[in-house]
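The values are calculated or read from the model by the stated rules, or taken from the named source; none is laboratory data. Values in this document were obtained by computation on a predicted structure and should not be read as measured data. In this analysis, Cβ positions are derived from the backbone assuming ideal geometry, glycine residues included, and neighbour counts consider all displayed protein chains. Ligands, DNA and RNA are stripped out before the accessible areas are found, and what is left, the full protein with its side chains, is counted by its heavy atoms. Shrake-Rupley method; radii C 1.70, N 1.55, O 1.52, S 1.80 Å.
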Amino acid sequence: MKARYVLGILSLATLLTVSAPWASYAAEAAKDSGSTINKELQQLDAEAKLANEQAYVVPDTLLAAFEAASKQYKVPRDLLIAIGWTESRLSNHVGLPSFENGYGIMNLVSNPVKQTLEKASRLSGLDVNLLKSDDKSNIMGAAALLADFQKTANPEFRESPNLPDWSGSVKMYLGSENDELNASYLQQVLGTSKLLIPSGNKVTIKNEIVISTLGGPPVVKPIWKAAHSSNYETGNRGRGTITHLVIHVMQGTYAGSISWAQQKHDGPSAAHYYVRSSDGEITQMVKDKDIAYHARSANSYTIGIEHEGYINDPGKWFTTTMYNESAKLAALMCYSYGIPVDRDHIKGHSEYPNQTHTDPGSGWDWTTYMRYVNAWYAEYKRWE
């Protein structure tokens, strides 16, 4: 499993801003395009535009840690930064572990299924507790892992500066049993690497979402596990009758929620799709054409997408990989059924009429999620 925290898009407060009066000054200056002041105002406008596109400047100490790890293990610096951004938004979460016991910026995991923390310790010679608590050590351990994965995945390019040459090792870093998910994670990481803007001794990460085109058209292959027949109604819906998507949070675990939907119980309930927090695995339990009992009065015209976790603990459960895979599914639904890609048609459970639930809650990052949906929708259109 592959869990990591998500903080969402960071504030622009630390970046350059330009005050509103400059707009009127710029209009006047435009009359004299060759003037010195006009050139200065054009420069300020360009800087303001750049600031609005940027989300985060990598701190000096953190950038030095990435560069040291890159030098030590011959792993491209920008690849390490892109993985760190994907895993944690470059946050160590004050030393607190994720729900699967993953630690630090690079999410080194220690549980019965996955032991990247222990493996990083063996490869780097760094103490496990240091890998958990120290940013520089955590990044160094992740670099050691990637270098080791590269020996297996692409030994001929063990020290390549080209990020696509590290595709196999990036997939191994996620380590899902489902290679479709590994490939999607790769597209996510390589897309993030395109957002890095080096400038002198600084690196800025743009406030956008990019999906790498490496690997061909997007693919969604849910696992099929039928819900109990009491939890849905057979229908014949399709384009024109499926018009909205409902975003749910399970208030429980992936496995437990799937098990619940497979049973007959008081208060019949099931959604169409269930998304796992760790690696974005998707299970479908009700066919799109059928009416799942998931959103009361909105059931007849919606498709429901459940997400593992709890609304009161979004930092642990709402991972970028879950957002990414759910958004790829949502984009496919929009593409297939002609649903507009906007917040009027993709809404939370609580936003539909006559609901009693409050999910997905205030911790759901709609900005990030919709950016992923739009990015994946563009990919479906590009490959049609």
Every residue in the range 196-215 that is touching a residue at least 40 places away in the same chain (Cβ under 8 Å), assigned to a loop (DSSP other than H, G, I, E, B) and either among the hydrophobic types (A, V, I, L, M, F, W, C) or out of contact with any helix residue (DSSP H, G or I) (no Cβ under 8 Å at 6 or more places or on another chain) (or both), please. I209, V210, I211, L214
Tell me, which residue of the range 345-360 that is open to solvent by 50 Å² or more (accessible area, probe 1.4 Å) and outside any helix (DSSP H, G or I) is nearest to N207 (Cα to Cα)? T358
Which one is nearest to E325 (Cα to Cα), of the residues in the range 216-226 that are part of a loop (DSSP other than H, G, I, E, B) and hydrophobic (A, V, I, L, M, F, W, C)? V220
The one condition K202 fails out of (1) modelled with pLDDT of 95 or more; (2) within 30 Å of V57 (Cα to Cα) is (1)
Give me a count of the residues in the range 199-244 that are within 19 Å of the chain's Cα centre (by Cα) and of a type in the set (A, V, I, L, M). 7
Within the range 54-100, restricting attention to residues that are more than 18 Å from A144 (Cα to Cα), out of contact with any Gly (no Cβ under 9 Å at 6 or more places or on another chain) and charged (D, E, K, R), which residue is surrounded by the most Cβ atoms within 10 Å (Cβ to Cβ)? E100
Does the range 361-374 contain any residue that is touching a helix residue (DSSP H, G or I) at 6+ places or on another chain (Cβ under 6 Å), closer than 24 Å to G238 by Cβ and assigned to a loop (DSSP other than H, G, I, E, B)? no
Residue ranges of strands (runs of 3 or more DSSP E) in the range 227-344 with at least 3 members β-branched (V, I, T) and open to solvent by less than 30 Å² (accessible area, probe 1.4 Å): 302-307
Does N231 fit the bill of being farther than 22 Å from V109 by Cβ, polar (S, T, N, Q) and at pLDDT 95 or above? yes
Hey, does the range 209-225 have a residue that's open to solvent by less than 40 Å² (accessible area, probe 1.4 Å) and within 17 Å of A295 (Cβ to Cβ)? no
Assess whether I339 counts as being farther than 18 Å from I242 by Cβ and among the hydrophobic types (A, V, I, L, M, F, W, C). no
Among (1) crowded, with 19+ Cβ neighbours inside 10 Å; (2) touching a residue at least 60 places away in the same chain (Cβ under 8 Å); (3) touching a strand residue (DSSP E or B) at 6+ places or on another chain (Cβ under 8 Å), where does V170 come up short? (3)
Can we say M140 is surrounded by 24 or more Cβ atoms within 10 Å (Cβ to Cβ) and part of a loop (DSSP other than H, G, I, E, B)? no
The number of residues in the range 65-100 that are touching a residue at least 12 places away in the same chain (Cβ under 8 Å) and either part of a helix (DSSP H, G or I) or on the phi > 0 side of the Ramachandran plot (or both) is 23
For the range 101-132, which positions are more than 24 Å from the chain's Cα centre (by Cα) and either open to solvent by less than 10 Å² (accessible area, probe 1.4 Å) or of a type in the set (G, A, S) (or both)? S121, S124, G125
